[in-house]
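Enquirer: Here it is, the structure in full.
The values are calculated or read from the model by the stated rules, or taken from the named source; none is laboratory data. All figures in this text were calculated on a predicted structure; none of them were measured in a lab. All Cβ positions, glycine included, derive from the backbone under ideal geometry; neighbour counts span all protein chains shown.
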């Protein structure tokens, strides 16, 4: 792992990324990895592995503040989150084990493909504020399977998994958008902790950057969660999709430049 210089640019970049990641985390119920990973790569020159590991560590405090904010509005399905987390903890270990074994080019293109899939899913979701998550034996098992898949992606790409779980809960389980977001954030906490332990052992984390990003994000996560209750659900999806298009294009261009070298 290459140590980044701890100069003013490093600190300010981490703080700026954290503020934006926290706002989007609260607003969209994601851990912020879709912001943290590409910006650590683009602004600070982190390689994809180190950015993914650092992002996952930063997600722990971000998700914690987000859960508290959504829980205050009663928008957390606690049992569903525990089932998701049980699967995700296992999946995160698989993902972090695979992380150092995959090439940087593969990871970059995988991240781009992942963002494209999420963008498409956002236009397939029809959010509802009234829908509830009904638990049965079948849905419980399906939540565990979803958790495992989410954990693998979390460990590989450095996202907390909310970008998968939120659309999945709305589309596949018929959950309201606010409950999907609050439940997703709760699921992320044990997932991110599990993945971070694996990444620390494999030296795929910059803990200083993670602390700066995560600390800054905590100051804006609650604001994002409050805004989520005010923004029309479909409009929120459209805005988030537009943002992801910008990120996906930037990462694709970087992957192409890396391949030419």
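Enquirer: Scanning for something buried (at least 24 other Cβ atoms within 10 Å of the Cβ), part of a helix (DSSP H, G or I) and at pLDDT 80 or above, does the stretch 246-259 turn up at least one residue?
Expert: Residues of the stretch 246-259 that are buried (at least 24 other Cβ atoms within 10 Å of the Cβ), as a first pass: none.
No; the residues of the stretch 246-259 include none that is buried (at least 24 other Cβ atoms within 10 Å of the Cβ), part of a helix (DSSP H, G or I) and at pLDDT 80 or above.
Enquirer: Is one or more of the residues making up the stretch 7-21 modelled with pLDDT of 80 or more, surrounded by 17 or more Cβ atoms within 10 Å (Cβ to Cβ) and under 26 Å from residue 170 (Cα atoms)?
Expert: Scanning the stretch 7-21 turns up at least one residue that is modelled with pLDDT of 80 or more, surrounded by 17 or more Cβ atoms within 10 Å (Cβ to Cβ) and under 26 Å from residue 170 (Cα atoms).
Enquirer: Looking at 43, 82, 56, can you tell me which residue is surrounded by fewer than 20 Cβ atoms within 10 Å (Cβ to Cβ), part of a helix (DSSP H, G or I) and touching a helix residue (DSSP H, G or I) at 6+ places or on another chain (Cβ under 7 Å)?
Expert: 43
Enquirer: Another one. Picking from 112, 106, 89, 116, which residue would you name as being more than 20 Å from residue 26 (Cα to Cα) and over 17 Å from the mean Cα position of the chain (by Cα)? I'd like the intermediate steps shown before the answer.
Expert: Working: 112 fails: over 17 Å from the mean Cα position of the chain (by Cα); 89 fails: over 17 Å from the mean Cα position of the chain (by Cα); 116 fails: over 17 Å from the mean Cα position of the chain (by Cα).
The conditions single out 106.
Enquirer: On the basis of being crowded, with 17+ Cβ neighbours inside 10 Å and either without any contact (Cβ under 8 Å) to a residue 60 or more places away in the chain or outside any helix (DSSP H, G or I) (or both), does residue 173 make the cut? Before you say what the answer is, go through the steps one by one.
Expert: Details: crowded, with 17+ Cβ neighbours inside 10 Å: yes; either without any contact (Cβ under 8 Å) to a residue 60 or more places away in the chain or outside any helix (DSSP H, G or I) (or both): yes.
Considered against the rule, which asks whether it is crowded, with 17+ Cβ neighbours inside 10 Å and either without any contact (Cβ under 8 Å) to a residue 60 or more places away in the chain or outside any helix (DSSP H, G or I) (or both), residue 173 comes out as yes.
Enquirer: Tally time: how many residues in the stretch 204-234 are under 15 Å from residue 181 (Cβ atoms) and either under 16 Å from the mean Cα position of the chain (by Cα) or assigned to a helix (DSSP H, G or I) (or both)? Explain how you work it out, then say what you get.
Expert: First, pick out the residues of the stretch 204-234 that are under 15 Å from residue 181 (Cβ atoms): 221-234.
Retained after the next criterion (residues that are either under 16 Å from the mean Cα position of the chain (by Cα) or assigned to a helix (DSSP H, G or I) (or both)): 221-228, 233-234.
Selection size over the stretch 204-234: 10.
Enquirer: As an exercise: evaluate residue 27 against (1) under 20 Å from residue 149 (Cβ atoms); (2) in contact with a helix residue (DSSP H, G or I) (Cβ under 7 Å, 6 or more places away or on another chain) and give the number of the one condition it does not meet.
Expert: Result: residue 27 passes all but (1).
Enquirer: Of (1) in a helix (DSSP H, G or I); (2) in contact with a helix residue (DSSP H, G or I) (Cβ under 8 Å, 6 or more places away or on another chain); (3) surrounded by fewer than 20 Cβ atoms within 10 Å (Cβ to Cβ), residue 135 satisfies all except one. Which?
Expert: Every listed condition holds for residue 135 apart from (1).
Enquirer: Another question about this same structure. If you go through the stretch 155-162 one residue at a time, do you hit one that is over 15 Å from residue 53 (Cβ atoms) and assigned to a helix (DSSP H, G or I)?
Expert: Yes: the stretch 155-162 contains one or more residues that are over 15 Å from residue 53 (Cβ atoms) and assigned to a helix (DSSP H, G or I).
Enquirer: Would you confirm whether any residue within the stretch 177-185 is modelled with pLDDT under 85 and under 23 Å from residue 108 (Cα atoms)?
Expert: no
Enquirer: Do you know which residues across the stretch 5-19 are touching a helix residue (DSSP H, G or I) at 6+ places or on another chain (Cβ under 7 Å) and without any contact (Cβ under 8 Å) to a residue 60 or more places away in the chain? Steps first, answer last, please.
Expert: Of all residues in the stretch 5-19, those touching a helix residue (DSSP H, G or I) at 6+ places or on another chain (Cβ under 7 Å) come to 6, 10-11, 13-15, 17-19.
The answer is 13, and nothing else.
Enquirer: Check whether at least one residue in the stretch 200-216 is closer than 30 Å to residue 135 by Cα and surrounded by 19 or more Cβ atoms within 10 Å (Cβ to Cβ), and report yes or no. Can you show your working first?
Expert: Going through the stretch 200-216, the residues closer than 30 Å to residue 135 by Cα turn out to be none.
No, the conditions are met nowhere in the stretch 200-216.
Enquirer: Could you check residue 202 against (1) in contact with a helix residue (DSSP H, G or I) (Cβ under 6 Å, 6 or more places away or on another chain); (2) modelled with pLDDT of 85 or more and say which number it fails?
Expert: (2)
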